[in-house]
Amino acid sequence: MSLTQEQKDAFKAIFIETVTNFAQQVGQATEKVFLQILPLTVVAGTEYLKSYEEDLKTKLEDCKTKSQKIIGALSTVKEPEKVEKSGDKHLPLGELLGKRVQRGEDWKWDDQDGGIGSFGKVVGVKGNGWVKVQWESSRNENRYRWGVDKAYDVKVVEIVDDLGDIPPLEEQIKKPTSWVIGKSVVRGRDWKWKDQDGGEGQIGEVIDVCDEGWVEVKWKNGMVCQYRWGGENAFDLKVVPKPKE
């Protein structure tokens, strides 16, 4: 809530009186004291707001840590057995080799995939209901359920990658802001902008380069915002293949 004019006038009167009294105590002209104090008020205000921001950041990190612990605990709870529906959307194991995938409806493996929105490729299948996936962000390979206990840890994603091979994140962050123009992106390793993007896993498009180390992104929810691509030594975004129209 903003201060009323009456409150502003009251503060002004108190401030003038305080400076006048202080000038008398130190034996200097009130005008000279004002000239010395005014810059100090800006510095003091800036330092106070900075300390407040750091305190808020600490509280947010604590909340994030607690949330991750809760999510981890919930992921170990066994869900009721799923009832198989007619016209099931899951492909047979034999058709999965080479398919691109993301974490699916039964995912419980934390950030093995590199985080929500990451892509991988099926590089092996087993007849007992497991698939081997190599993740693009880290090149790590892990096995996941595809039908075991009626669970599906990954889902097939149909995309058209007209940008060529998407390098892993550690290679992406070495590239200049100009490389990101026109590319599809999701939240990256340093994301701190809540749900500006419409929620985890949402894809946006980089439409412009702003100041050095910053780019502008348009999200599907219509939001257009600026994010760090090297600015402040941070990367809010990660390039992903373009989704199929």
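None of the figures in this text is laboratory data; all of them are computed from the coordinates on show. Keep in mind that what you see is a predicted model, and the values were worked out from it rather than measured. Ideal geometry is used to build each Cβ from the backbone, glycine not excepted, and the neighbour counts take in all protein chains shown.
Using +1 at the C-beta of Lys and Arg and -1 at the C-beta of Asp and Glu, which of Ile14, Ala29, Leu60 has the Cα lying farthest in the positive direction of the dipole of the stretch 5-75?
With unit charges placed on the Cβ atoms, the residue in question is Leu60.
Would you please classify the overall shape of the stretch 93-156 from the alpha carbon gyration tensor, given that a ≥ b ≥ c denote the square roots of the eigenvalues, rounded means a/c under 1.5, and beyond that prolate means a/b larger than b/c while oblate covers the rest?
Judged from the Cα gyration tensor, the stretch 93-156 comes out oblate (a/c at least 1.5, b/c at or above a/b).
Run the simple label-point estimate for Glu170 and Lys32 please: 7 Å along Cα→C-beta, distance reported in nm.
With each label point 7 Å from Cα toward Cβ, the separation is 6.2 nm.
Highest mean first, how do 116-127, 26-37 rank when packing is the count of other Cβ atoms within 10 Å averaged over residues?
Per-residue mean Cβ counts within 10 Å order the peptides as 116-127, 26-37.
Based on DSSP H runs of at least 4 residues, each adding -39500 (n - 2.57), what is the mean residue ellipticity at 222 nm of the chain after dividing by all its residues, to the nearest 500 deg cm²/dmol?
-10500 deg cm²/dmol
Compute, for the chain, the length of the dipole vector about the Cα centre, with Cβ point charges of +1 (Lys, Arg) and -1 (Asp, Glu) only. Units Debye, rounded to 20.
780
So if I take the centroid of the Cα atoms in the stretch 193-220 and the same for the stretch 2-58, what is the distance between those two points in Å?
38
Remind me, what semi-axes does the chain give for its equivalent ellipsoid, largest first in whole Å, using sqrt of 5 times each Cα gyration tensor eigenvalue?
54, 22, 15
What is the distance, in nm, between label points placed 7 Å from the Cα along the Cα-to-Cβ direction at Asp55 and at Glu216?
Placing both labels 7 Å along Cα→Cβ, they lie 3.6 nm apart.
What's the ranking of 42-54, 187-199, 166-178, 130-142 by average number of surrounding C-beta atoms within 10 Å, highest first?
Top to bottom by mean Cβ count within 10 Å: 130-142, 187-199, 166-178, 42-54.
For a test of the definition: using alpha carbon positions, the gyration tensor, and the 1.5 limit on a/c, classify the stretch 123-245 as rounded, prolate or oblate.
Note, shape of the stretch 123-245 comes out prolate.
Answer rounded, prolate or oblate for the stretch 5-75, using the Cα gyration tensor with square roots of eigenvalues a ≥ b ≥ c: rounded when a/c is under 1.5, else prolate when a/b is larger than b/c, else oblate.
Here the stretch 5-75 falls in the prolate category.
Running a GNM on the chain with Cα contacts under 10 Å, which residue among Gln24, Gln202, Gln68 ends up with the highest mean-square fluctuation?
Of the options given, Gln24 has the highest mean-square fluctuation.
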